[in-house]
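Read-outs: derived from the displayed coordinates by stated rules, not from any lab. Quantities reported herein were computed from a predicted structural model and do not represent experimental measurements. Cβ: placed from backbone, ideal geometry, glycine included. Neighbour counts: every protein chain shown.
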Amino acid sequence: MAVRKLIKIERKLLDIPVYEYFCYVATEGLSPIEAHRSYGKRATGETWIEEYKSQMNAGHLRTGEFWANAALFQCAVLVLNCIN
């Protein structure tokens with residue numbers, strides 16, 4: 001499925017529309033715009049995970065306790081959200 005999204009209209013001698021194009025392959029029964037929104041949310045979540053892993057060093061928590069790691073994770077997410 002494909003989605004064409006209007007970005008702007010350039011006003012020159014003639015009005016020229018500028019588009020972004022997106023193509024998706026999915027097995028769900030989604031309409032093209034539903035697939036675009038769904039994949040957009042997923043991409044945003046993956047970006048947050050990558051930021052957390054690289055900027056907050058989340059992949060290297062040294063405690064062996066689940067609740068301690070959970071508390072550290074929540075604190076790091078709160079700090080990252082405040083920074084952003």
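Tell me the Kirkwood radius of segment 9-59: reciprocal of the mean inverse pair distance over distinct alpha-carbon atoms, in Å. Walk me through the intermediate numbers first.
Working: mean 1/r = 0.0709 Å⁻¹.
One decimal place: 14.1 Å for the Kirkwood radius.
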Item to check | Exposed-site-free run, longest, the chain (rule: trypsin sites (Lys or Arg not before Pro); DSSP loop; at most 13 other C-beta within 10 Å) | outcome: 13-61
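Out of the chymotrypsin sites (Phe, Trp or Tyr not before Pro) in segment 5-58, which ones are loop residues according to DSSP with at most 16 other C-beta atoms within 10 Å? Intermediate results must be reported in sequence, preceding the final value.
Details: sites: Tyr19, Tyr21, Phe22, Tyr24, Tyr39, Trp48, Tyr52; in loops: Tyr24.
Answer in residue order: Tyr24.
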Checklist entry - What is the chain's relative contact order, in percent, from Cα pairs under 8 angstrom and six or more apart in sequence? => result 19
Item to check | Alpha-carbon Rg with Dmax, taken over segment 31-84, Å | outcome: 14.5, 45
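Once fully extended, how much extra length lies between Val77 and Tyr24, figured as 0.36 nm per residue of separation less the alpha-carbon to alpha-carbon distance?
Separation in residues times 0.36 nm, less the Cα-Cα distance, equals 16.0 nm.
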Checklist entry - Most exposed first by the Cβ proxy, i.e. fewest other Cβ within 10 Å, how do His60, His36 rank? => result His60, His36
